[in-house]
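Everything below concerns the one structure shown next.
The values are calculated or read from the model by the stated rules, or taken from the named source; none is laboratory data. All figures in this text were calculated on a predicted structure; none of them were measured in a lab. Cβ coordinates were reconstructed from backbone atoms using ideal geometry, including for glycine residues, and neighbour counts include every protein chain displayed.
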Amino acid sequence: MKITDVSPFILHLPLTADSIADSTHRITRWGVVGARIATSAGLVGFGFTGTHAHAASDRLIAACIRDCYGPLLVDEDAQDRTRLWMKLARQPALQWVGRAGVTQLALAAVDVALWDLSAKAAGLPLWKFLGGATSETIEAYNTDVGWLSIPEPELVAGAQRAVERDGFRALKLKVGHDDPLVDLRRLEAVRRAIGPQVRIAIDGNGKWDLPTCLSFVRKAAAFDIFWFEEPLWYDDVGSHRALAKQSPIPIALGEQLYALDAFRAFVAAGAVHYVQPDVTRLGGVTEYIEVAHLARAFRLPVAPHAGDMSQAHVHLAYWHPSTVLLEYIPWIKDHFREPANVRDGAFLRPQQPGASTTPLDDSLERFSVSID
Ligand code: 0YR
Ligand code: MG
């Protein structure tokens, strides 16, 4: 199955609200920046990364897919995923400007497209191609009800609706106000409204410092918090380690880590309890698998971050035995042939061949942003 063409695409898709915010980002659309890989077999593979839909930086990723990786892939065998990953990720000139950021996001898109192709060629959904499902169900946690930009009354109402109407048994609330007492009040209100059975995770998106976090976790523990995600600056292993040692709430992180080595540093230091790899930030499925196995070797649970809004992650979650939860944010699913849908709080197991990364033609037409 020879690669005949590699072409990038950019989609800017609307959210379920006009805009949302966490402690460090405010966004109005979600960016899907992807690679479409055509082959001599007639099969086409799709993979993509996720962005905050800034056209200028999305174009850098698209250009990297087209101009840097494209020529290295054409005429290659699409099924040589590991060899091609090494060729792309260890290309000296690209490694010089890469290993994190733009080149890594582009690599992620390309690698996911290659896995999509191999699974399609085998006629199997990716989880089956990888070795079969190790869980009966994958539980979803809802992040879309918990944005920092949602005022407290709607936050409480949305959380209740997600639990009572939609069947979620796990939610994630953003924290990170300048005054942490505001966050404590919001947590208390939601916990009171939804009762003790539902899991509540919180996510700080890297805003606070160690003293703020230490004081916060002691108070927030009263509301039975499942994990505290990205409490501190993303790369700061030492502070996470200090917090993990003292916090009554487990620490989760990984969505801002771009390489196996970064995960290794946190895991080896005992600075993380829930490992959150993301195929769109790591170099795709290939490096995700390495991180998931690393977590397994340390007996740490894996809860993928949904940079792809769980389209490819749902396959990896069903397959990898360390997975405990998967994030649900329903912004982009309906633009794909096989949406990552949740019923009664669990992700439906994908059935179509591939990685569920093939966009609808209609969405490609209506939401595309020009590459140049
Ligand atoms: C919105 N999920 C996250 C989104 C999300 C961010 O800015 O990108 O909140 O990636 O932290 O766990
Ligand atoms: Mg997060």
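Considering GLN79, GLN95, which residue is modelled with pLDDT under 95 and in contact with a helix residue (DSSP H, G or I) (Cβ under 8 Å, 6 or more places away or on another chain)? Result of the check over GLN79, GLN95: GLN95. Note on segment 252-353: enclosed helices (runs of 4 or more DSSP H) holding 2 or more residues that are over 17 Å from the mean Cα position of the chain (by Cα) are 260-268, 284-297.
Evaluate segment 136-152: report whether one residue or more is touching a Ser or Thr at 6+ places or on another chain (Cβ under 9 Å) and away from ligand 2 (no atom under 16 Å from the Cβ). For segment 136-152, residues touching a Ser or Thr at 6+ places or on another chain (Cβ under 9 Å) and away from ligand 2 (no atom under 16 Å from the Cβ): present. Give segment 297-316 a look and list any residue that's more than 16 Å from ligand 2 (Cβ to nearest atom) and under 24 Å from GLN104 (Cα atoms), or say none. Answer for segment 297-316, where residues must be more than 16 Å from ligand 2 (Cβ to nearest atom) and under 24 Å from GLN104 (Cα atoms): GLN311, ALA312, VAL314, HIS315, LEU316.
Does segment 158-176 contain any residue that is in a loop (DSSP other than H, G, I, E, B), within 29 Å of VAL342 (Cβ to Cβ), within 26 Å of the chain's Cα centre (by Cα) and within 16 Å of ligand 2 (Cβ to nearest atom)? Taking every residue of segment 158-176 in turn, at least one turns out to be in a loop (DSSP other than H, G, I, E, B), within 29 Å of VAL342 (Cβ to Cβ), within 26 Å of the chain's Cα centre (by Cα) and within 16 Å of ligand 2 (Cβ to nearest atom). The condition of being farther than 22 Å from GLY131 by Cα and either among the hydroxyl-bearing types (Ser, Thr, Tyr) or buried (at least 23 other Cβ atoms within 10 Å of the Cβ) (or both) does not hold for VAL369. For PHE46, the test of being touching a residue at least 40 places away in the same chain (Cβ under 8 Å), buried (at least 18 other Cβ atoms within 10 Å of the Cβ), of a type in the set (Phe, Trp, Tyr) and touching a helix residue (DSSP H, G or I) at 6+ places or on another chain (Cβ under 6 Å) is passed. One residue is enough: does segment 71-91 have a residue meeting the conditions crowded, with 17+ Cβ neighbours inside 10 Å, in contact (Cβ under 8 Å) with a residue 60 or more places away in the chain and touching a Pro at 6+ places or on another chain (Cβ under 9 Å)? No, the conditions are met nowhere in segment 71-91. Within segment 297-311, residues that are touching a residue at least 12 places away in the same chain (Cβ under 8 Å) and small (Gly, Ala, Ser) have Cβ atoms under 6 Å from residues that are away from ligand 1 (no atom under 11 Å from the Cβ) and part of a loop (DSSP other than H, G, I, E, B) in these pairs: ALA303/VAL324; ALA303/LEU325; SER310/ALA340, counting only partners at least 6 apart in sequence or on another chain. Looking at segment 207-227, can you tell me whether even one residue there is under 16 Å from the mean Cα position of the chain (by Cα) and within 13 Å of ligand 1 (Cβ to nearest atom)? No, that holds for no residue. Can you say whether GLY195 is on the phi > 0 side of the Ramachandran plot, surrounded by fewer than 24 Cβ atoms within 10 Å (Cβ to Cβ) and more than 16 Å from ligand 1 (Cβ to nearest atom), as far as the supplied structure shows? Criteria met by GLY195. Listed by first and then second residue, the pairs with beta-carbon distance under 9 Å, at least 6 apart or on different chains, first residue in segment 216-227 and part of a helix (DSSP H, G or I), second among the hydroxyl-bearing types (Ser, Thr, Tyr), are VAL217/SER247; ARG218/SER247; ALA221/SER247.
In segment 15-29 there is at least one residue matching the filter, namely being crowded, with 16+ Cβ neighbours inside 10 Å, modelled with pLDDT of 95 or more and more than 16 Å from ligand 2 (Cβ to nearest atom).
Restricting segment 235-251 to residues that are among the charged types (D, E, K, R) and more than 16 Å from ligand 2 (Cβ to nearest atom) leaves a set whose member that is farthest from the chain's Cα centre (by Cα) is LYS245.
Candidates in segment 202-234 are the residues that are among the β-branched types (Val, Ile, Thr) and within 16 Å of ligand 2 (Cβ to nearest atom); of these, the one that is surrounded by the most Cβ atoms within 10 Å (Cβ to Cβ) is ILE202. Does segment 119-146 hold any residues that are surrounded by fewer than 24 Cβ atoms within 10 Å (Cβ to Cβ) and assigned to a helix (DSSP H, G or I), and which are they? Those that are surrounded by fewer than 24 Cβ atoms within 10 Å (Cβ to Cβ) and assigned to a helix (DSSP H, G or I): ALA121, ALA122, LYS128, PHE129, LEU130. Restricting segment 245-266 to residues that are buried (at least 21 other Cβ atoms within 10 Å of the Cβ) and in contact with a Leu (Cβ under 7 Å, 6 or more places away or on another chain), the residue that is farthest from PHE298 (Cα to Cα) is TYR258. Against the conditions (1) within 21 Å of the chain's Cα centre (by Cα); (2) aliphatic (A, V, I, L, M); (3) within 21 Å of SER118 (Cβ to Cβ), VAL33 satisfies every one except (3).
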